[in-house]
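A.B. asks: Structure incoming, see below.
The values are calculated or read from the model by the stated rules, or taken from the named source; none is laboratory data. The structure presented is a predicted model; accordingly, all values stated were derived computationally and were not measured. Neighbour counts are summed over all protein chains in view; Cβ atoms, including those assigned to glycine, are modelled from backbone coordinates with ideal geometry. The accessibility values were calculated without ligands, DNA or RNA, using every heavy atom of the protein model including side chains. Shrake-Rupley method; radii C 1.70, N 1.55, O 1.52, S 1.80 Å.
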Amino acid sequence: MSASTSNRTPGDRRVIQIGPFHPLLEEPVGFELTVEGEKVVHVDACMEYIHKGIERLAQERTYDMVPILLEKICGICSVTHSVCFCNAAEDLLQVEIPPRASYIRTIIGELERLHSHLLWVGLAGHFIGYNTVFMWAWKYREPVCDVFEMLTGHRQNSSLPIVGGVRRDIPESYFPEARRAMDRLDEQVEMLTAAVLDDPVLAARLKGIGVLTPQEVVDWGVVGPTARASGVDTDVRRDEPYAAYEELDWKVITTENGDVFDKAVVRLLEIRESISIIRQCLEKIPGGELNLGQQHIPRGEGIGRYEAPRGEDIHYLRSNGTNMPERLKVRAPSFTNVASFEVSCIGESIADVTITLAACDPCYSCTERTAVVRGVDGRPTHTFQDLVRLSQDKTRALAREMGREPGLNLL
Amino acid sequence: MESTDLGKRLESAFVDRVEWTARSQKRLYVSIAPAQLYPVFDWLRENIPGFRLGTSTGIDLREGVGVFHHFVVNGMPLVVTLKVIASKPDPRVPSLAAKIPSARWIEREMAEMLGIEFEGHPDPRRLLKAEAFSDIYPQRRGFDTRAFKESIGERLDF
Amino acid sequence: MANATPRVPSLFLKALKKSPWVFHVGTSGCNNCDIEIADCLTPRYDIERFGMKLAGSPRHADVMLITGPVSRACREPLQQAWLEMPRPRAAVMVGACACSMGAYKDAYSVTGPPDKVLLEVDPDARFVYVPGCPPKPETIIMGIVKLLGAL
């Protein structure tokens, strides 16, 4: 089934419900697209089903348990939410964590950024029909998870951060292997970046699609690589340095055009920056204490900010002096980024919707919601696969026009 | 810009209408009456470049239902929190979403979690539409998960 | 697990064991398990060497991989997807949340672990449990292989 087979007249508006369950998407995603011919005129996100009530749950847990619970907000941003909560609690307490703890937080945070960005590159490649990119990127992601496991004992959920530092040390005996893994990854990502940026089909396919202007970025509160691709220079790691970022040498990547291509460029270049940050941390990490010991959280309020792989994460913590938070508000970056689909998708053709939606690296678990499985009351239902197929077909057609065979290996 | 400077500037612009505390040089908390939300927001947006809404927190306090709008500034370590308290039992506050689109989703979520009515919201539908939650406000004081699950006839232990 | 449905012809069962098609349902989990399942497809783990393939629809699948606790709104879609699967069918509960609701046990928005939800509509449903938060891809593959051995 494809969009072109549904019988409609030009100028006729109709709603396409994307009722998705796709094996390659990490989560189900649902959108209602209102289309006029091939053009999308309105997007409504179907927000249901995945709401887990984790804020309420955190308010019934003690401060030591909360960082571990918050790792379960989102599988990819596990370090993000637990460190962000610790930032909020440390803002409430007005304490500085020991230097070794801040370096450990930086290392696990950047490893997370690495595997998250590689994951995105892979998925984006799949959406536009470059499954080779998908397989490559995910293959290169594995050594990052291995390093994470060597250092913390788990592929993603480290359970390291606690209020006032980190729970355990990371073993220095694995540092040489971690360095070697970073060296190998650097070469591989350099090759991947060059391959993606030089490909004329990709450029033709992704440039000028899903553009967000800087004004739209500020109005919709878009954050992270999605904002930086539009030339909005915002990065919490530099704006409000937490952990060890102030002592390290790195730069914020921004580009000007705000289209999907630039969002890919920003992410690919950030991967190289993250590798450099991890290398510096492994060199410079000081010895000493790991945490400040058990902290009593007094009455008060604190706000933590953290630069997640997808953008700025904010936690608001209010304490009433007991051993549990009175209120914990979690705002994950995808919450604002996903909302901006209402502008970035308008005017695009249906074939471009998947990649536009994917361009901000949406994380629906973070956004606390998911989507419907089946169409309702006989409305035409496109599965996400149909849209992916449309998107891949467009790439194929472009490649043929250019006289190239981009090695499309469709699942 | 440091939070105390901004607090002083706000105070001189809105004499007797704002009440601010700076917990550190990075955090400014400003308490205002619901009617002052638009003027204070407009003033802040005009005077601070890169000013955007980070998020909002809905919180059930003893004195009323609080709506805390947390604003962040691109390129600066500053978070400005505008605190608006609406009176119970029928909390109503002006909607910030009428001014900036980034407040749309978060206000829809707060309306659902706490039963706050945002006056002037352009799109006041439910965001998390699961029907069992209509008229149940999980972030209100006194919400009891066990009692809620019993009331809709669900099992508690598995 | 032990008693396979007797109606199934042995040739069919043999073919099924050689090439099980897998359908993946995420029921409001944290997506970490879902990523590990997708990871099984990629070059290092490559589940296709076992003849396994991720199917796009429950109607084409033999095995359902379920991740996450079941939120109130996901309940009916999950049951519906299960009933659409042809017999013989089995499910693998991937991760702590699917096995026992894990961290979300006390949340107001979840209704139960997926095995109990499926048993409501199909008392004959058979399951394999793969604990872990998230389980490593090797563990997930081992879970499916054990399931095939028991069919």
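A.B. asks: Can you give the accessible area of C:Tyr129 in Å² (nearest 10), computed on protein heavy atoms with a 1.4 Å probe?
C.D. replies: Result for C:Tyr129: roughly 110 Å² accessible.
A.B. asks: A:His42 versus B:Glu150, label points 7 Å from Cα toward the beta carbon: distance in nm?
C.D. replies: Rounded to a tenth, the inter-label distance reads 4.4 nm.
A.B. asks: From the Cα gyration tensor of region A:95-227, with a ≥ b ≥ c the square roots of its eigenvalues, which class applies: rounded if a/c is under 1.5, or else prolate if a/b is larger than b/c, or else oblate? Walk me through the intermediate numbers first.
C.D. replies: Working: a/c = 2.81, a/b = 1.47, b/c = 1.92.
Oblate shape, in that a/c is at least 1.5 and b/c is the bigger or equal ratio.
A.B. asks: In addition: Accessible area drop of at least 40 Å² (1.4 Å probe, protein heavy atoms): which residues of region A:220-246 qualify, relative to the chain alone?
C.D. replies: At a threshold of 40 Å² (probe 1.4 Å), the residues of region A:220-246 that become less exposed are A:Trp220, A:Asp239, A:Glu240.
A.B. asks: Here's another thing I want to ask about it. Mind giving me the nanometre distance, one decimal, between the label points for A:Arg168 and A:Asp233, set 7 Å out from Cα along Cα→Cβ?
C.D. replies: Going from the A:Arg168 label point to the A:Asp233 one covers 4.1 nm.
A.B. asks: Quick one: grab the alpha carbon gyration tensor of region A:239-349, order the square roots of its eigenvalues as a ≥ b ≥ c, and give me rounded if a/c is under 1.5, else prolate or oblate depending on whether a/b is larger than b/c.
C.D. replies: Working: a/c = 3.76, a/b = 1.29, b/c = 2.92.
The shape class here is oblate.
A.B. asks: With all protein chains present, calculate the accessible area of A:Ser276 using a 1.4 Å probe and round the result to the nearest 10 Å².
C.D. replies: Only protein atoms counted, so the area is about 40 Å².
A.B. asks: If you don't mind, another one. Working from Cα positions, state the angle (0 to 90°, nearest 10) between the long axis of helix B:37-47 and the longest principal axis of chain B.
C.D. replies: It works out to around 40 degrees.
A.B. asks: Which value, in Å² and to the nearest 10, is the accessible area of A:Trp136 when all protein chains are kept and the probe is 1.4 Å?
C.D. replies: Roll a 1.4 Å probe over it and A:Trp136 shows about 90 Å².
A.B. asks: Here is a follow-up. Please get the size of the charge dipole for region B:3-151, origin at its Cα centre, with Cβ charges of +1 on Lys and Arg and -1 on Asp and Glu, quoted in debye to the nearest 20.
C.D. replies: Charge dipole, region B:3-151, about its Cα centre: 400 debye, nearest 20.
A.B. asks: Shielding of A:335-342 by partners, i.e. mean partner chain Cβ atoms within 10 Å per residue? Mind showing how you got there, number by number?
C.D. replies: Numbers: counts 5, 9, 0, 1, 8, 2, 0, 4.
Rounded to a whole number, the mean comes out at 4.
A.B. asks: While we're looking at this one, here's another question. Assign one of three labels to the protein assembly as shown, namely rounded, prolate or oblate, based on the Cα gyration tensor with a ≥ b ≥ c the square roots of its eigenvalues; rounded applies when a/c is under 1.5, prolate when it is not and a/b is larger than b/c, and oblate otherwise. Mind dumping the intermediate values first?
C.D. replies: Numbers: a/c = 1.35, a/b = 1.31, b/c = 1.03.
Rounded.
A.B. asks: With unit charges on the beta carbon (Lys/Arg positive, Asp/Glu negative), name the residue among A:His315, A:Ile350, A:Ala332 whose Cα is farthest towards the positive pole of the charge dipole of region A:286-362.
C.D. replies: Working it through, the farthest residue towards the positive pole turns out to be A:His315.
A.B. asks: How compact is chain B by the rule of thumb for globular proteins, expressed as Cα Rg over 2.2 N^0.38 Å? Could the numbers behind the result be given before it?
C.D. replies: Working: Rg = 17.6 Å, N = 158, 2.2 N^0.38 = 15.1 Å.
The reported ratio for this selection is 1.17.
A.B. asks: A:Ala308's amide H: which non-local residues (gap 5+, or another chain) put their own amide H closer than 5 Å, with H modeled 1.01 Å from N in plane and none for Pro or chain starts?
C.D. replies: Long-range HN contacts for A:Ala308: A:Asp313.
A.B. asks: Quick one: give the max-minus-min coordinate of the C-alpha atoms of region C:10-150 along each principal axis, largest first, in Å.
C.D. replies: The principal-axis extents, from largest down, are 44, 32, 24 Å.
A.B. asks: Moving on to the next point. Give the calculated FRET efficiency between A:Glu256 and A:Ser349 to the nearest 0.05, with a Förster radius of 25 Å applied to their Cβ-Cβ distance.
C.D. replies: Working: r = 24 Å, r/R0 = 0.95.
Result of the calculation: an efficiency of 0.60.
A.B. asks: Any idea of the total accessible area buried by the A-C contact, 1.4 Å probe, rounded to 100 Å²?
C.D. replies: Working: alone 16220 and 7860 Å², together 20630 Å².
Chain pair A/C: roughly 3400 Å² of buried accessible area.
A.B. asks: What is the percent of Cα-Cα separations in region B:1-54 that go past 12 Å? Mind showing how you got there, number by number?
C.D. replies: On the way: 937 of 1431 pairs.
When all Cα pairs of region B:1-54 are counted, 65 percent exceed 12 Å.
A.B. asks: As I understand it, the dipole of region C:10-150 uses +1 on the Cβ of Lys and Arg and -1 on the Cβ of Asp and Glu, about the Cα centre. Which of C:Cys99, C:Thr27, C:Pro123 lies farthest toward its positive end?
C.D. replies: The Cα lying farthest towards the positive end belongs to C:Pro123.
A.B. asks: Considering protein heavy atoms only and a 1.4 Å probe radius, which residues within region A:291-305 exhibit an accessible-area decrease of no less than 50 Å² in the full assembly relative to the chain by itself?
C.D. replies: A:Glu301, A:Ile303, A:Arg305
A.B. asks: Sticking with this structure for a sec: Among DSSP beta bridges lying fully in the protein assembly as shown, give the percent that are antiparallel, nearest 5. Provide the component values of the computation, followed by the final result.
C.D. replies: Working: 56 of 83 bridges.
Within the protein assembly as shown, antiparallel bridges account for around 65 percent of the total.
A.B. asks: At a threshold of 8 angstrom on Cα-Cα distance, excluding pairs fewer than six apart, so keeping six or more, what relative contact order does chain B reach in percent? Walk me through the intermediate numbers first.
C.D. replies: On the way: 263 pairs, mean separation 26.2, N = 158.
Once divided by the residue count of chain B, the mean separation gives 17 percent.
A.B. asks: Could you order C:Val128, B:Val65 so the one with the most accessible surface comes first? Probe is 1.4 Å. Write down the numbers at each step before the final one.
C.D. replies: Working: C:Val128 20, B:Val65 0 Å².
The ordering from most to least exposed comes out as C:Val128, B:Val65.
A.B. asks: How large is the accessible surface per residue of region C:10-150, computed with a 1.4 Å probe and reported in Å² as a whole number?
C.D. replies: Values: 4830 Å² over 141 residues.
The answer is 34 Å² per residue.
A.B. asks: Hey, another quick one. Which order do A:Thr106, B:Thr4 take by accessible area at a 1.4 Å probe, largest first? Write down the numbers at each step before the final one.
C.D. replies: Details: A:Thr106 0, B:Thr4 40 Å².
Sorted descending by solvent-accessible area, the residues read B:Thr4, A:Thr106.
A.B. asks: Round to a whole number: what % of the accessible area of the protein assembly as shown belongs to carbon and sulfur, probe 1.4 Å? Before the final figure, lay out each step's value.
C.D. replies: Numbers: 12840 of 25100 Å².
For the protein assembly as shown, the apolar C and S fraction of the accessible surface comes to 51 percent.
A.B. asks: Compute the accessible area per residue over region A:141-261, keeping the other protein chains in place, probe 1.4 Å, unit Å². List each step's numbers first, then the result.
C.D. replies: Numbers: 4360 Å² over 121 residues.
Here the per-residue accessible area is 36 Å².
A.B. asks: In addition: Please name whichever of B:Ser87, B:Pro101, B:Gln36 sits farthest to the positive end of the charge dipole of region B:3-151, dipole taken about the Cα centre and charges placed at Cβ: Lys and Arg +1, Asp and Glu -1.
C.D. replies: B:Pro101
A.B. asks: In what order, largest first, do A:Glu177, A:Glu55 sit by accessible area if the probe radius is 1.4 Å? Mind dumping the intermediate values first?
C.D. replies: Working: A:Glu177 60, A:Glu55 15 Å².
Descending accessible area places them as A:Glu177, A:Glu55.
A.B. asks: Holding the Cα-Cα limit at 21 Å, pick out from A:Lys52/B:Lys26; A:Lys139/C:Lys53; A:Lys39/A:Lys394 the pairs that are longer than that. Let's see the in-between values first.
C.D. replies: Working: A:Lys52/B:Lys26 32 Å; A:Lys139/C:Lys53 18 Å; A:Lys39/A:Lys394 15 Å.
The pairs that break the limit, which is 21 Å between Cα atoms, are A:Lys52/B:Lys26.
A.B. asks: Another one. If r is the Cβ-Cβ distance from A:Glu283 to C:Arg44 and R0 is 25 Å, what FRET efficiency results, to the nearest 0.05?
C.D. replies: Details: r = 29 Å, r/R0 = 1.15.
Once the sixth-power term is evaluated, E becomes 0.30.
A.B. asks: Hey, another quick one. Nearest 100 Å² is fine: what is the total accessible surface buried where chains A and B meet, probe 1.4 Å?
C.D. replies: On the way: alone 16220 and 9150 Å², together 21540 Å².
Separately minus together, A and B give about 3800 Å² buried.
A.B. asks: With every protein chain left in place, what is the accessible area per residue of region B:3-151 in square angstrom, probe 1.4 Å?
C.D. replies: Working: 6050 Å² over 149 residues.
I get 41 Å² per residue for region B:3-151.
A.B. asks: Also, I was wondering about something else. Taking accessible area as the heavy-atom solvent-accessible surface of the protein chains with a 1.4 Å probe, which residues of region B:95-120 lose no less than 20 Å² upon going from the isolated chain to the full protein assembly?
C.D. replies: Listed by number, the residues meeting the 20 Å² cut-off are B:Pro101, B:Ser102, B:Arg104, B:Trp105, B:Ile106, B:Glu109, B:Met113.
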